[in-house]
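A quick write-up on the structure given underneath.
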Amino acid sequence: QALRQISQRTISTASRRQFENRVPENQKLFQEDNGLPVHLKGGAKDALLYRATTGLTVCGTIYALYYLLISSLPKKPN
């Protein structure tokens, strides 16, 4: 029982010291009216993730449509 209390206290205080509260900074950033959509307000990393996701979605759609077309055509006899 005492060992559990000591270990929980050590873990909770150690994690609190390592990370500072950045919520107010992020709130200010995301509430700023700069004409950007919310999914791009995080900067270059968000833009890269957005473009990668869009690219993969387009490629996947083309891939699916291609194989749908191929599978709808009759097989060639040997």
Review point. Within segment 24-56, which residues are among the β-branched types (V, I, T) and either open to solvent by 80 Å² or more (accessible area, probe 1.4 Å) or part of a loop (DSSP other than H, G, I, E, B) (or both)?
Key: V38, T53
Point to revise | Single match in Q18, Q31 (criterion: among the polar types (S, T, N, Q), modelled with pLDDT of 90 or more and at negative phi) | key: Q31
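The values are calculated or read from the model by the stated rules, or taken from the named source; none is laboratory data. What you see is a predicted model, and the numbers here were worked out from it, not measured in a lab. Ligands, DNA and RNA are excluded from the accessible area calculation, which covers all protein heavy atoms including side chains. Shrake-Rupley method; radii C 1.70, N 1.55, O 1.52, S 1.80 Å.
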